[in-house]
Structures are given as structure tokens and as C-alpha cells.
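**Q** Below is the structure I would like to discuss, written out as C-alpha cells.
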Amino acid sequence: MSGVVNTFVIPIIRGDMIGGCLETLHKFNEPGTYNVFVIDQTGSKETQEKYEHLSHLWVRPYRNLGFSKAMNTGARLAQTPYITFLNDDIEFVNKKWWQGILDTFTMSEEIIIVNPMCPKEPTWGYGLREDNYNEWNPPSEFVLAPDGDKHYMYPVKPDGKPFTYEDLKTEEGYDWIVSNHPRYRKDTMIDGAAGWCLVAKTSGLQEIGLYDEKFYPGGGEDYDLCARAYSCAWPEERDECDPKFHRRVVSTTKSYMWHHWGKSKDDVSAKDPTNPIFSRPRWNALEELWPNGFDIWSHGHKDVNGQDTKFPFKRIPEIYVEDL
């Protein structure tokens, strides 16, 4: 790999996590192959003065743009084949993460966005609810952390102990999890991605569009982006699913980093409730954009002459983009 091929876009609304993210980013990526754009919405110059030297571009808008617009601002400035949308509570642990991303892209021309994995698995999607918290236990291939926090699970190592952050940071541990993660499948791709790190082909974004800025200040924009990629209806309306318009957004067990789940998107409005930028409602009502039904894969099923046939969900065609 030679030349600058990737741009990291990292929006921040607090300054206590970006340092570790940037330091490990530079440690575990090949120099000269990437740019780092930080969209600083902290409202203070303190973070910029401390960490700007670790970026290639540090942007301080006059207001909180919200997650979608912050990401879009960085993406529009990028001029690389790949753009990595990154949360600031991410820690890089191994240079092999990038090759794992590239290896996943080569597995299918339909893939336009790849999400690396973190061994720290959140329990949503595995059956934990508030009404079954006391009796719920993790699936057998996972184990709870020693502190028993049921909101997170870890893969089980051969010795029966949880595979944790310290394991991932070792060369042996990284190689082990690539081959032995419980969600490992032969094709090492999982349809359904988490928005804390998305590596996108710039050409793919040009095809499906950037984040919809209706999702302000944040929440739901990643689901909508994924659904647009999979949709056979957007931006045109079609009565039947057409595979040639189908794109994939996938998680991969070929690439790992550590997601601290540090709640870096905590609502900062509580610090300044008089700020008029917080008077606008948070837009996460996906059913308003997908009036015929929403699904992350943006299609449903119906019986046609006794056969199960996909039909496309229809989305409002316009992606909202607001000038600064």
C-alpha cells in the first residue's frame, strides 16, 4: 500500500478521549497512507491546542453540527479512495486491522462499507432486556466480564476465561481472535454494522449518498445509511427488488480494534440548555423516512404464487443537507 488512501473523520463533542484515539491511530497505521480530520465541537480551544499536532486538519465549527453533518463535513473534504468514519472512543491495537478491512472488501464487489469488530460484545441482539436482567445468561460462546456486568460479553478463551482488552493488545491474542471469534463464519462477513467505525469506499458513498442530516444531533443515521445501501428502491421506486442496485454494509471478523464504549456522544445540551441549537428535536424516527416500513436491509417478503419474494421498502428520496 502506497500513497494516501484513507481519511479518518473523527467528530468530537468532548475532549477527554480524542488523545488516546489519535495516539494509537498513528501508532498502528502506516505513515503516509492516511489523513486525519478532526471535527471539534467541544466549544473550547483547549482540546485543539493539546492535540491538533496529531491531525492533518482540525476544524472548529461555530456550533455543534450534530453527528451526521460533522461526518459529512469531513467526508466532503477528503480526497482518498477510502473514508473511515470513526468515534473518538476507539483504540487501535494492531496494524493488521487495515489489511483485514481491505481483505473484506475484496470478497464481494457489492461491499461498499466495512465495520471492524471489537471483542467486547454488547448484549443487545443476544436477548438481554430490562425485564429479564436477573435471569438472563450469555450464550455459551460468550462469558461475562469478571465484574459481572451483563451489558457486555467477551468471547471465551480455551481456558474458559473472557478474551479481553489485554488479550487483544498482544500479537498472539489478535491472531487468535481473528480465527476463533464466536461469530466467525467461513466468509467472515456479518450483515449488519455498528456505526462506531465504518470504513467506506468513497465511490460507494457517491452512489448511495452521505449521512442524512435530519438525524440531529444523532441517532439512527447509521441505520438509515445501511438501509439505503441495501435498498433496491432508493432513490427510485421499484415494485421488485433488483439485485444490481443492492450494496452491502458488513461487519468483518478479519479486522479488530477496541471500542471503549465511553459514551462519547453524551448529550451535551445539559451543559448549556439555553443554546438554541438544542431546541431542534432529535430526529431518529426512521418510519418518517421509510413510510412503507423500515428494516436495516430495507426490504420485506411476500408470497407471490406460493413463493417467498422480496419487495423493496420505499424511502423519501431527498437527503437533507444543511449549510453551515
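The values are calculated or read from the model by the stated rules, or taken from the named source; none is laboratory data. It should be emphasised that the depicted structure is a prediction, and the values quoted were computed from it without experimental measurement. As a convention, Cβ positions derive from the backbone with ideal geometry for all residues, glycine included, and neighbour counts pool all protein chains shown. To get the accessible areas, we keep the full protein, side chains included, count just its heavy atoms, and leave off ligands, DNA and RNA. Shrake-Rupley method; radii C 1.70, N 1.55, O 1.52, S 1.80 Å.
**Q** Kindly indicate which of 45, 96 is charged (D, E, K, R), open to solvent by 40 Å² or more (accessible area, probe 1.4 Å) and within 20 Å of the chain's Cα centre (by Cα). Even if it seems obvious, please write down each step before you answer.
**A** Numbers: 45 fails: within 20 Å of the chain's Cα centre (by Cα).
Result: 96 is the single residue among 45, 96 that is charged (D, E, K, R), open to solvent by 40 Å² or more (accessible area, probe 1.4 Å) and within 20 Å of the chain's Cα centre (by Cα).
**Q** Going by the structure shown, is residue 77 within 16 Å of residue 36 (Cβ to Cβ) and either open to solvent by 40 Å² or more (accessible area, probe 1.4 Å) or among the basic types (Lys, Arg) (or both)? Even if it seems obvious, please write down each step before you answer.
**A** On the way: within 16 Å of residue 36 (Cβ to Cβ): yes; either open to solvent by 40 Å² or more (accessible area, probe 1.4 Å) or among the basic types (Lys, Arg) (or both): yes.
In short, yes.
Residue-wise test of (1) open to solvent by 10 Å² or more (accessible area, probe 1.4 Å); (2) under 26 Å from residue 256 (Cβ atoms); (3) charged (D, E, K, R).
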site: 203; (1), (2), (3): yes, yes, no
site: 222; (1), (2), (3): yes, yes, yes
site: 226; (1), (2), (3): no, yes, no
site: 238; (1), (2), (3): yes, no, yes
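**Q** Counting only residues that are touching a strand residue (DSSP E or B) at 6+ places or on another chain (Cβ under 6 Å) and of a type in the set (Gly, Ala, Ser), which one in segment 49-74 is surrounded by the fewest Cβ atoms within 10 Å (Cβ to Cβ)?
**A** 55
**Q** While we're looking at this one, here's another question. Considering segment 3-20 alone, what residues qualify as being assigned to a helix (DSSP H, G or I) and closer than 14 Å to residue 58 by Cβ?
**A** Just the residues of segment 3-20 that are assigned to a helix (DSSP H, G or I), to begin with: 18-20.
18, 19, listed by residue number.
**Q** Quick one: residue 37 ticks every box in (1) touching a residue at least 60 places away in the same chain (Cβ under 8 Å); (2) open to solvent by 10 Å² or more (accessible area, probe 1.4 Å) bar one, so which box is it?
**A** (1)
**Q** Of everything in segment 44-71, what is free of Cβ contacts under 8 Å to residues at least 40 places away in the same chain and either at positive phi or of a type in the set (Lys, Arg) (or both)? Give them in sequence order.
**A** 45, 50, 60 - these are the residues of segment 44-71 that are free of Cβ contacts under 8 Å to residues at least 40 places away in the same chain and either at positive phi or of a type in the set (Lys, Arg) (or both).
**Q** Out of the residues in segment 183-201 that are buried (at least 17 other Cβ atoms within 10 Å of the Cβ) and within 13 Å of the chain's Cα centre (by Cα), state the one that is farthest from residue 84 (Cα to Cα).
**A** Across segment 183-201, the extreme among qualifying residues is 193.
**Q** If you don't mind, there's one more thing I want to ask. In this structure, is residue 45 of a type in the set (Lys, Arg) and at pLDDT 95 or above?
**A** Numbers: of a type in the set (Lys, Arg): yes; at pLDDT 95 or above: no.
In short, no.
**Q** For segment 159-218, give me each residue that is modelled with pLDDT of 85 or more, on the phi > 0 side of the Ramachandran plot and in contact with a helix residue (DSSP H, G or I) (Cβ under 8 Å, 6 or more places away or on another chain).
**A** Hit for segment 159-218 is 209, nothing else.
**Q** Go over the candidates 74, 100 one by one and state the one that is outside any strand (DSSP E or B), in contact (Cβ under 8 Å) with a residue 24 or more places away in the chain and more than 19 Å from residue 192 (Cα to Cα).
**A** Details: 100 fails: more than 19 Å from residue 192 (Cα to Cα).
Only one candidate passes the filter, namely 74.
**Q** Consider only pairs whose beta carbons are under 8 Å apart and that are at least six residues apart or on different chains; among these, list those whose first residue lies in segment 16-27 and is under 15 Å from residue 44 (Cβ atoms) and whose second residue is open to solvent by less than 60 Å² (accessible area, probe 1.4 Å) and charged (D, E, K, R).
**A** Pairs found: 17/88; 17/89; 18/88.
**Q** Only residues in segment 233-260 that are within 30 Å of residue 17 (Cα to Cα) count as the first member; pair them with residues that are of a type in the set (Phe, Trp, Tyr) and at pLDDT 90 or above, Cβ under 6 angstrom, at least 6 apart or cross-chain, and list the lot.
**A** Matching pairs, first to second residue: 255/97; 257/92; 257/97; 258/165; 259/196.
**Q** Based on this model, can you work out whether residue 115 counts as out of contact with any Phe, Trp or Tyr (no Cβ under 6 Å at 6 or more places or on another chain) and surrounded by fewer than 23 Cβ atoms within 10 Å (Cβ to Cβ)?
**A** Values: out of contact with any Phe, Trp or Tyr (no Cβ under 6 Å at 6 or more places or on another chain): yes; surrounded by fewer than 23 Cβ atoms within 10 Å (Cβ to Cβ): no.
It is false that residue 115 is out of contact with any Phe, Trp or Tyr (no Cβ under 6 Å at 6 or more places or on another chain) and surrounded by fewer than 23 Cβ atoms within 10 Å (Cβ to Cβ).
**Q** Could you go through segment 311-322 and let me know if any residue there is at pLDDT below 80 and not in a strand (DSSP E or B). I'd like the intermediate steps shown before the answer.
**A** Residues of segment 311-322 at pLDDT below 80: 321-322.
Now drop any that are not not in a strand (DSSP E or B), which leaves 321-322.
Yes, there is a match, as at least one residue in segment 311-322 is at pLDDT below 80 and not in a strand (DSSP E or B).
**Q** For segment 124-182, give me the residue count where each residue is of a type in the set (Asp, Glu), open to solvent by 40 Å² or more (accessible area, probe 1.4 Å) and in a helix (DSSP H, G or I). Please lay out each step first, then the result.
**A** Start the filter on segment 124-182 by keeping residues that are of a type in the set (Asp, Glu), which leaves 130-131, 135, 141, 147, 149, 159, 166-167, 171-172, 175.
Right, trim to open to solvent by 40 Å² or more (accessible area, probe 1.4 Å) and you get 130-131, 135, 141, 147, 149, 159, 166, 171-172, 175.
Still in the running and in a helix (DSSP H, G or I): 130-131, 166, 171-172, 175.
Within segment 124-182, residues that are of a type in the set (Asp, Glu), open to solvent by 40 Å² or more (accessible area, probe 1.4 Å) and in a helix (DSSP H, G or I) number 6.
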